[in-house]
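Since the structure comes first, as structure tokens, the remarks are kept for the end.
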Amino acid sequence: MERYIVNGLRRLSGEMRVHGAKNAALPILAASLLCDGCELHNCPHLSDVDAACNILNHLGCGTCWQNNVLLVGKGESRDCTIPTSLMREMRSSIVFLGAMIAKYHEAKLTFPGGCELGPRPIDLHLSSLRKMGVEFEEEEGTLNCRVRDELRGAQIDLPFPSVGATENIILAASLAKGQTVIRNAAREPEIGDLVGFLQSCGAKISIENDGTILIDGVEKLHETVYHVIPDRIVTITYLCCAAITGGDILVTDACPDHIRSVFPIFEEMGCRLTVGKNKIRLINHGSIHAAKNVTTMPYPGFPTDALAPIMALSCVADGTTVFTETIFQNRYKQAWELCRMGADIKTEGRIAVVRGVKNLHPAHVACTDLRGGAALVIAALGTEGTTTIDEIRHITRGYEEFHTNLNRVGADICCQ
Ligand code: EPZ
């Protein structure tokens, strides 16, 4: 079990480059099953990406890294089963469902079940694919899926703009017969990137101004070279790291447009932002002010994945912040760990009230999930003394060379 030993209160200053987005790369890797191979640039090298590659390898599409470029080969296999061990490596492996349905017209995989963020049902994925002619049978935790007659386009009105369900529908619809229309589709930038990838392979997809997605199924998709978008949550996390240390950081290779909803929160907290085309500079010379209210919403609202990093900042703000999480049921697990460091956080259901304290103190804490783990590192960077953070495997699922990158701009984090 690896851990971080963080010696805090080192002011961060310098330049940090953002890597490609995990949540864009994963559905794109599932989509690569449908084309004649691809060359992916700016794909982050993370354990979740390795898990997706293991699935692709199992399905007969060889994957290999060549100088930071991920190459995916054309899959020739007819095996449409993903073994439980591979499904378990990563919850979001459910995004392979739409791709397998499109390619093989059948799929056999394990039900993903709940995770550290609370129950993660896939009812919207299944009901949408049913409309496209897919039948499902559940047998002791295994999901058997089969196209009844033909995979056909459908009119789908999502009751909630689920990211994963939107991705699975797009994947299945790309090779279905006729047109699929997705209303109330998720609008996260990662959806746009999946669409961009599929378009570059010859898929016929368009996104209307109101967010409705139209997909006209095609017979086949060709090979492509594609560049994954920058990771918006990594960008926000780096900015939080700088803010809590009273730092001055220039985050490069980022996409500021994707994180506009977070700028007012940083500004309310007293940070100065200078935004360029693909870079953001954050300077915080003073103390952190409380951001009163933070409510997560589907994109373009404040992202649920940014809640924990901002919560870490609010622990040392001069005032009270009220967080309302509207997307997941259980996104406050890090609160207890932050309290071990002296934070004052009360949670009830989807609300968390954080009363800022003057200083946190070092403690021995453990990551509970990916973003909660990043929040512990942010808190430790702003704490005088040595904090030990266990279970960092959660962090390495989503942040490439996290501690090395922070150390380059002045942090003192050792990985043991
Ligand atoms: C994606 O999860 C991301 N994961 C999450 O990032 C992110 O937090 C989330 O979107 C919201 O932006 C990946 O892209 C791999 P949803 P996903 O379907 O697709 C409920 C991170 O830290 N729901 O929009 O699972 C569901 O239970 C991760 O990088 C249903 O009820 O998100 C949840 O409460 C964590 N039925 C809510 O909708 C369904 O069929 C949002 O889920 C599907 C979802």
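Rule-based calculations on the coordinates, nothing more; no lab input. Given the structure is predicted, the values throughout are model-derived calculations rather than measurements. Cβ placement follows ideal geometry from the backbone for every residue including glycine, while neighbour counts extend to all protein chains displayed.
Miscellaneous remarks
- For peptides 373-382, 298-307, 171-180, sequence by mean Cβ density within 10 Å, most packed first: 373-382, 171-180, 298-307
- Using every pair of separate Cα atoms, the Kirkwood estimate puts the hydrodynamic radius of the stretch 282-355 at 12.5 angstrom.
- When the trypsin sites (Lys or Arg not before Pro) in the stretch 307-391 are filtered for DSSP coil states and for at most 14 other beta-carbon atoms within 10 Å of their beta-carbon, the remaining sites are K358.
- Computed 3J(HN,Hα) for the stretch 35-48, one whole-Hz value per residue from the Karplus formula 6.51 cos²θ - 1.76 cosθ + 1.60 where θ = phi - 60°, is 10, 8, x, 8, 10, 9, 9, 6, 7, x, 9, 10, 5, 5, glycine and proline marked x.
- Normalised Debye scattering of the stretch 197-285 at q = 0.26 Å⁻¹ gives log10 I(q)/I(0) of -1.24, counting only Cα atoms as equal scatterers and leaving out solvent.
- Span from the the stretch 283-323 Cα centroid across to the the stretch 358-378 one, whole angstrom: 15
- Local charge for G141 was computed over the other residues whose Cβ lies under 14 Å away, with Lys and Arg +1 and Asp and Glu -1, and equals -2.
- Put simply, the Cα atoms of the stretch 367-416 extend 24, 19, 18 Å along their principal axes, the longest span coming first.
- Using θ = phi - 60° and Karplus 6.51 cos²θ - 1.76 cosθ + 1.60, couplings along the stretch 160-167 (whole Hz; Gly, Pro as x): 9, x, 5, 5, x, 5, 4, 5
- Calculated from backbone phi, Karplus (6.51, -1.76, 1.60) coupling profile of the stretch 365-378 in Hz, x at Gly/Pro: 10, 9, 5, 9, 7, 4, 6, x, x, 4, 4, 5, 5, 4
- For the chain, share of DSSP beta bridges that run antiparallel, in % to the nearest 5: 70
- Helix 189-200 and the longest principal axis of the Cα set of the chain meet at an angle near 40°.
- One compactness figure for the chain is 0.98, namely its Cα radius of gyration divided by 2.2 N^0.38 Å.
- Here is the tail figure for the stretch 1-80: Cα pairs spaced more than 17 Å apart come to 53 percent of all pairs.
- Packing-based ranking, highest mean first, of 200-207, 140-147, 95-102 given that Cβ atoms within 10 Å are counted: 95-102, 200-207, 140-147
- When the stretch 97-248 is reduced to its Cα atoms, the Kirkwood hydrodynamic radius in Å: 16.8
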